[in-house]
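Comments concern the structure below.
Here, each number is a calculation from the coordinates, and none is a lab measurement. What you are looking at is a predicted structure, and each value in this text was computed from that prediction instead of being measured. Cβ placement follows ideal geometry from the backbone for every residue including glycine, while neighbour counts extend to all protein chains displayed.
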Amino acid sequence: MKKFFIILIIISTLVACGKNQNTTENQNDKNKTNVKESTQISVPESKKLTFNEFNFDTIDIDGNRIKSNDFYKDSKINALIIWATYGNDCKDTLVSINNLSKNYDEKDLKVSAFILDTSADTSTNIEEAKNIIKENNLNFKNLLPNPTTEDALKTVEKIPLLLIMDSQGKILNAYEGNLSQEVMQKIIDDYLKK
């Protein structure tokens, strides 16, 4: 009788281990599938804004006058980042979009930025913004807010904010927060395919 129970325990242990092994194999197969699925780039949900266009007549950080009508028209897609010198996520996004912009011709994509905590009328945070631009080798226009941008910029709730616009300055989509270079590339490529 003892032999019977010992054999029963051994058989049930072997069967149970076999089931665990199959379960583990099935789990590993599921994990492999999830890894494949997770490598697909997902784009965050677009942010609804209170404005449909972003027009301006202002200066860049170097004092050059920039008008939106002239600025947007040369590119199919315009990516505008709204950032601030105090935003930690902003620097990562700026570097990512700067690196990404090197992969596109300017007739397809033009990148620019508005520095939210500066002003065309004062020197507040200008030196700090220039340092960030220089330290990160940013090679796109960084613009300063003024009364022509005040209404739109005062509604910005979270930075960085990426605006994707057409050649007339019409906002196609807006995305809040730090976006990886891969996500921004997918967003831009999707619009360039249209």
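On the beta carbon distance between ASP92 and ILE59, with R0 = 22 Å, the FRET formula returns roughly 0.25.
Label separation (SER167 vs LYS130): 3.5 nm, computed from points 7 Å beyond Cα along the C-beta direction.
Can you flag which of LYS141/LYS170; LYS170/LYS194; LYS141/LYS193; LYS134/LYS154 are past 21 Å Cα-Cα? Listed pairs above 21 Å: LYS141/LYS193; LYS134/LYS154. Proximity of backbone amide H atoms, modeled 1.01 Å from N, is registered between ILE66 and THR58, ILE59, ASP60 at under 5 Å, excluding neighbours fewer than 5 places apart on the same chain. Lys/Arg Cβ at +1, Asp/Glu Cβ at -1, dipole of the range 85-150 taken about the Cα centre: which of THR122, ASN103, LEU143 is farthest positive-ward? Farthest towards the positive pole: ASN103. Each Lys and Arg adds +1 at its Cβ and each Asp and Glu adds -1 at its Cβ; summed about the Cα centre, the range 73-194 shows a dipole of about 400 debye. Using the Cβ-Cβ distance between SER42 and ILE66 with R0 = 30 Å, the FRET efficiency computed as 1/(1 + (r/R0)^6) comes to roughly 0.35. As an exercise, use a Förster radius of 25 Å and the Cβ-Cβ distance of SER180 and ASP117 to find the FRET efficiency, rounded to the nearest 0.05. Once rounded, the FRET efficiency stands at 0.55. Listed by chain and number, the aspartates and glutamates whose C-alpha is less than 15 Å from the C-alpha of LYS91, apart from same-chain residues fewer than 8 away, are ASP117, GLU128, GLU135, GLU176.
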